[in-house]
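Engineer: Here's a structure for you.
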Amino acid sequence: MKKSAYTMFAALVVVCAGCQNTVDTLENEQKEMKVNYIRSKNISTDGYLRDRLIIDSMNKATLPGGIMQAQVTIRSNRVGFFTELWSDITDEDPYKIAYRFNWLDLDGMEIQTANSVWTELDLIPGETRRLQSVAPNPRCKDFMLSIKEFDYK
Amino acid sequence: MKKQHIILASTAVATAIFLTACGSGPSRFNAQSNRGITTTDDINFKDWQITAEKTVNSMLKSGALRRPDGRKNIVMISTVKNSTSQHVNTQILTNKIRQAILRSGLALTTTAVSARGAEDKASKQVRQLEGDEMFNQDTVQKQGTAIAPDMSLAGEIVQEKTRQGRTKQSYFFFHLTLTDLKTGLAVWEDNVEIAKQSKKALIGW
């Protein structure tokens, strides 16, 4: 009786884990692009988010007219048997986050823009996404990206 | 029998207290947060924000607002056609975009002309003061000084509804264009897609 219960539980675990799809990626190894990477200063207050989301890189470009564009590459790290099982049980597949860009002018003053709102984003385990924002005017050269797990608040 | 009445009354009071406790009074919340009611059939305020964010980023990135001669383009707001089944005020979107255009410093917006007439009627009204003895005529704005727009912002919002069993879905397609009024050519176009889905409970509402 006990043995069959264990077998059933194991089967359930395997079935649940099998329910989750992850993303495989393929890209050219020798890159042609010349990326202007930015060194980042990261303040992490959410341990769960830190484990689940990898910040791969930050880069910038200057657009015609002197406006700056920022891009942050993030990757969902919710892969692996137990992680996938847990996110499947907790119904967190896809992983929902929210992000917000804040732009600062040369005097360090924050400029309120259409970007200054929390925007939702769904991430499939293993998926890489690039969050982009364009500065509201040419005087804005610095930015801050805030990321949090989506919670309707 | 009396005991039963007491139990019944106590239960009714307890239920009433419980139900009262379930509600909540009105409260303010940050409109930039993720809070707010999300409905499948309507465009909610978060949808406007997401659309504005994406279109403003796209427009500024495109460089379409810039002129090679250094002068700033003047942008007028034309019509954003509402092809949804709901009554929506598209000004929420166009006002956000026009603010972003102005803040960018790349172009200027006009309030003297729009598809629905002047946004600000004052530009026309002050010119009617010409010849009015009450006003110093040197300070009255002259005819022929207002600047006509170079570009026009227009668009359309389309909604497609689908229902299958207990699941219903809405797909909103926001399409915006920036037209060079001299040539009639679109110098920038983009769209934002928002899809929403909800599933009705098996029992209840």
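Engineer: Tell me the angle of helix B:91-104 to the major Cα principal axis of chain B, expressed in degrees between 0 and 90 and rounded to the nearest ten.
Structural biologist: Computed tilt is about 50 degrees.
Engineer: Please compute, for peptide B:96-105, the average count of beta-carbon atoms on other protein chains lying within 10 Å of each residue's beta-carbon. Numbers along the way, then the final one.
Structural biologist: Working: counts 2, 1, 0, 4, 6, 0, 1, 7, 9, 7.
Average per residue, whole number: 4.
Engineer: While we're looking at this one, here's another question. On the principal axes of its Cα set, how long, how wide and how thick is the range B:35-81? Give whole Å, largest value first.
Structural biologist: 47, 22, 13
Engineer: Expressed in nm to one decimal, what extension gain is obtained for the pair A:LYS34 and A:GLN71 from 0.36 nm per residue of sequence separation less their Cα-Cα distance?
Structural biologist: Numbers: separation 37, 0.36 × 37 = 13.32 nm, distance 1.39 nm.
That pair, A:LYS34 and A:GLN71, stretches by 11.9 nm at full extension.
Engineer: Still on this structure: Write down the percent of antiparallel bridges among all DSSP beta bridges whose residues are both part of chain B, to the nearest 5. If you can, show how the numbers build up before the last one.
Structural biologist: Working: 28 of 39 bridges.
Just about 70 percent of them are antiparallel.
Engineer: In Å², nearest 100, what accessible area do chains A and B bury in total when the solvent probe is 1.4 Å?
Structural biologist: That pair hides around 1900 Å² of surface in total.
Engineer: To check my understanding: the extent here is largest minus smallest coordinate of the Cα atoms along each principal axis. What are those three numbers for the range A:108-153, in Å, largest first?
Structural biologist: 37, 24, 16
Engineer: Moving to a separate point now. Could you work out how far helix B:45-62 tilts from the main Cα principal axis of chain B, as a 0 to 90 degree angle to the nearest 10?
Structural biologist: For B:45-62 against chain B, the angle is about 30 degrees.
Engineer: Calculate log10 I(q)/I(0) of chain A for q = 0.14 Å⁻¹, where I(q) comes from the Debye formula with a single equal point scatterer on each Cα and nothing for solvent.
Structural biologist: -0.80
Engineer: May I pose another question? When you count, for each residue, the other Cβ atoms within 10 Å and take the mean per peptide, how do B:154-162, B:130-138 rank with the highest first?
Structural biologist: B:154-162, B:130-138
Engineer: Within 10 Å of each Cβ in peptide A:64-71, how many partner chain Cβ atoms are there on average? Round it to a whole number, please.
Structural biologist: Per residue, the number of nearby Cβ atoms from other chains is 3 on average.
Engineer: Greater than 18 Å separation of Cα atoms is the criterion. Which listed pairs, B:LYS121/B:LYS142; A:LYS60/B:LYS61; A:LYS96/B:LYS168; B:LYS81/B:LYS168; A:LYS96/B:LYS200; A:LYS60/A:LYS141, meet it?
Structural biologist: A:LYS96/B:LYS168; B:LYS81/B:LYS168; A:LYS96/B:LYS200
Engineer: Let me ask something else about it. Using alpha carbons only, how many degrees (0 to 90, rounded to 10) separate the axis of helix A:2-18 from the longest principal axis of chain A?
Structural biologist: For A:2-18 against chain A, the angle is about 30 degrees.
Engineer: Measure off, as a whole percent, the carbon and sulfur share of the 1.4 Å-probe accessible area of the protein assembly as shown, all protein chains present.
Structural biologist: 55 percent
Engineer: Shifting gears a bit: For a quick check: with amide H placed at 1.01 Å from N, whose amide H comes under 5 Å from A:ASN77's, ignoring anything fewer than 5 positions away on the same chain?
Structural biologist: Residues meeting the criterion, in which the H sits 1.01 Å from N, are A:LEU53, A:ILE54, A:GLY126.
Engineer: A follow-up question, please. Would the protein assembly as shown count as rounded, prolate or oblate if I go by the C-alpha gyration tensor, calling it rounded below 1.5 in a/c and otherwise prolate when a/b exceeds b/c, oblate otherwise?
Structural biologist: The shape class here is oblate.
The values are calculated or read from the model by the stated rules, or taken from the named source; none is laboratory data. Keep in mind the model is a prediction, meaning the values are calculated, not measured. Positions of Cβ are backbone-derived with ideal geometry, glycine not excepted, and every protein chain shown enters the neighbour counts. We work out accessible area using only protein heavy atoms, side chains counted, and drop any ligands, DNA or RNA first. Shrake-Rupley method; radii C 1.70, N 1.55, O 1.52, S 1.80 Å.
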